[in-house]
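Participant: Pasting a structure below so you can have a look.
The values are calculated or read from the model by the stated rules, or taken from the named source; none is laboratory data. Owing to the predicted nature of the structure, the values given are computational and were not obtained by experimental measurement. Backbone-built Cβ (ideal geometry, glycine too); neighbour counts: all protein chains shown.
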2 protein chains.
Amino acid sequence: MAVDPRTDKQAAASLGAMHTNGGRGSRKATDQTIYDSIYQAVLTQRLPPGSKLPEVALSELFGVSRSIVRKALTRLASDHVTEQSPNQMAVVARPGIEETRQIFAARRLVEGEVTRLVAGTLGKSEAQALRKLIKEEKSAHERGQDQHRVHCSMAIHQYLARQCPNQVLGKMMLELVLRTSIVIALYKAPGITACFLGNDHGRLADLIIKGEADQAAQLAREHLDTLEGLLDLDEPSGDIDLASILRYT
Amino acid sequence: MAVDPRTDKQAAASLGAMHTNGGRGSRKATDQTIYDSIYQAVLTQRLPPGSKLPEVALSELFGVSRSIVRKALTRLASDHVTEQSPNQMAVVARPGIEETRQIFAARRLVEGEVTRLVAGTLGKSEAQALRKLIKEEKSAHERGQDQHRVHCSMAIHQYLARQCPNQVLGKMMLELVLRTSIVIALYKAPGITACFLGNDHGRLADLIIKGEADQAAQLAREHLDTLEGLLDLDEPSGDIDLASILRYT
DNA sequence: GACTTAATAATTGTCGACATTAAAACGAAT
DNA sequence: ATTCGTTTTAATGTCGACAATTATTAAGTC
């Protein structure tokens, strides 16, 4: 599997590049630091799925004990960013095709209801904050800052989740937004650099602010449907591979 | 707050009663053992909400290091059974009235969809297993074994969650079933010893097996509505209490 | 007697060391 | 050359000890 015996250290190195700020030894790393570093590395695909995450390497990298690393890895696993098995190294999660579809289906259900509940409850300041986020996303899109645009897109959905009167559902939606962003990073079609979907977010915000609950929920579901459609979710189809390889005419 | 200085140890003692099997020293406790003990104690209200859970007391009780206790407490917190704050003792979760309503609302949404997805997908053996669970619940109800009946009721919903084609939604439903059982234990009206709701589970199973997705989902939601209605979710209403106390005619 | 402040006790946070277990490397026999 | 078994290595699992923080107690003052 590992063609290069230094594979493990390489995975850690791709984290260190982000973590060591300015080459100076990091001040004091907490579990949140490690959590964020790994999470960001997964989102930006610097840590591809299946990457090994040895505790000792991470502890040396961040200058903390294994306890802290272990805590971060446990939290990451509970958020489905990594996978943990007893007596086995933690690895970056590898959500499959089927799981990806299930995540999207779950998010359509939850975000639809959250959208319905949020609609009509936003005050002037909240509405303004939402519009500002959307404006920033549009700006990032036009300037071609794709990474920043993705960040803004997530921020918009997270903002809606936090504004939901039902915070139990809100927290569920936050988790699903997180998992969605991971599978998008994994399965987004190569050519698609900008998946800026029309002005969906703008229209969605208008409906929410106006209090059109049903229409807003419907649009949110369609938005997620479109997003899922942009992904490259074709089955690996091991049969065909094998046949084409064995045929040596 | 604590009228008795031994309050902490008392909380631990109520666990020990269940844990020490037959007075013999426990063989080897793992984090799952501690998790289950505390979880069961919370469900049976031997550990009322707000009970302190000191790590040292638990570690001595179960004969393991604090690391194991800490792991169990972390898992319990992520499942909303306990609450953890930095530099502060873990306590049994105290979900409030509003949170309880939100949990029920979320479960109506999720379990409704899970029910719809499961409907019509059960094979003969699965249908038989489901009917067996319902039969056992009914039997426990008739014999007055309330604790066993609650256990069966949970098992039924958990079985449906596990049969759901969308396991992302299934896992969410499992969490919500767990939280629901906790708030039921906390807020169930004093007089209600048997909240055996007609033959809801039997009718629900019939609809699911027959594949009547919409009707099954509708019945599941109504079932949860009825269940929530049986709880004692009146606001503590500090005002009225204060007024009635101060009036001394 | 109530309130503020300092000393004390108890609890959680973190760490390094050791035990245990799974994977990898090596070697001998077929 | 391949396979099985052994040895070696490297990772995780667990533990006890110390540091940091918080809650409690006690004393002192107004």
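Participant: Under 7 Å between Cβ atoms, which residue pairs at least 6 apart in sequence (or on different chains) link something in the range A:213-226 that is more than 20 Å from A:Pro165 (Cβ to Cβ) with a partner that is charged (D, E, K, R) and buried (at least 22 other Cβ atoms within 10 Å of the Cβ)?
Facilitator: A:Leu224/A:Arg107; A:Leu224/A:Glu111
Participant: Looking at the range B:75-85, is at least one residue touching a residue at least 12 places away in the same chain (Cβ under 8 Å), buried (at least 22 other Cβ atoms within 10 Å of the Cβ), within 13 Å of chain A (Cβ to nearest Cβ) and closer than 30 Å to B:Pro190 by Cβ?
Facilitator: Yes: one or more hits.
Participant: When you look at A:Leu15, is it surrounded by 14 or more Cβ atoms within 10 Å (Cβ to Cβ) and at pLDDT below 90, yes or no?
Facilitator: The answer is yes for A:Leu15.
Participant: Related question: A:Leu61 is checked against (1) assigned to a helix (DSSP H, G or I); (2) more than 30 Å from A:Gly229 (Cα to Cα); (3) modelled with pLDDT of 95 or more and fails just one. What number does that condition carry?
Facilitator: Only one criterion is unmet by A:Leu61, namely (3).
Participant: Quick check on this structure: which one of B:Glu113, B:Glu98 is at pLDDT 95 or above and surrounded by fewer than 16 Cβ atoms within 10 Å (Cβ to Cβ)?
Facilitator: Exactly one of B:Glu113, B:Glu98 is at pLDDT 95 or above and surrounded by fewer than 16 Cβ atoms within 10 Å (Cβ to Cβ), namely B:Glu98.
Participant: Continuing with this model, one more query. How many residues does the range B:45-66 hold that are more than 10 Å from DNA strand D (Cβ to nearest atom) and among the small types (Gly, Ala, Ser)?
Facilitator: The number of residues fulfilling the criteria is 3.
Participant: Moving on to the next point. Looking for something buried (at least 20 other Cβ atoms within 10 Å of the Cβ), farther than 26 Å from A:Gln167 by Cα and either among the polar types (S, T, N, Q) or in contact with a Lys or Arg (Cβ under 8 Å, 6 or more places away or on another chain) (or both) - is there at least one such residue anywhere in the range B:131-138?
Facilitator: yes
Participant: If you check every pair at least six apart or on different chains, which have Cβ atoms under 7 Å apart with a residue in the range A:149-172 that is at the interface with chain B (Cβ under 9 Å from one of its Cβ atoms) first and a residue that is among the hydroxyl-bearing types (Ser, Thr, Tyr) and not in a helix (DSSP H, G or I) second?
Facilitator: A:Pro165/A:Thr121
Participant: From the list A:Leu122, A:Leu76, A:Leu109, A:Leu117, pick out the single residue that is part of a loop (DSSP other than H, G, I, E, B) and hydrophobic (A, V, I, L, M, F, W, C).
Facilitator: A:Leu122
Participant: Could we say that A:Ala93 is more than 11 Å from chain B (Cβ to nearest Cβ), touching a helix residue (DSSP H, G or I) at 6+ places or on another chain (Cβ under 8 Å) and touching a residue at least 60 places away in the same chain (Cβ under 8 Å) here?
Facilitator: yes
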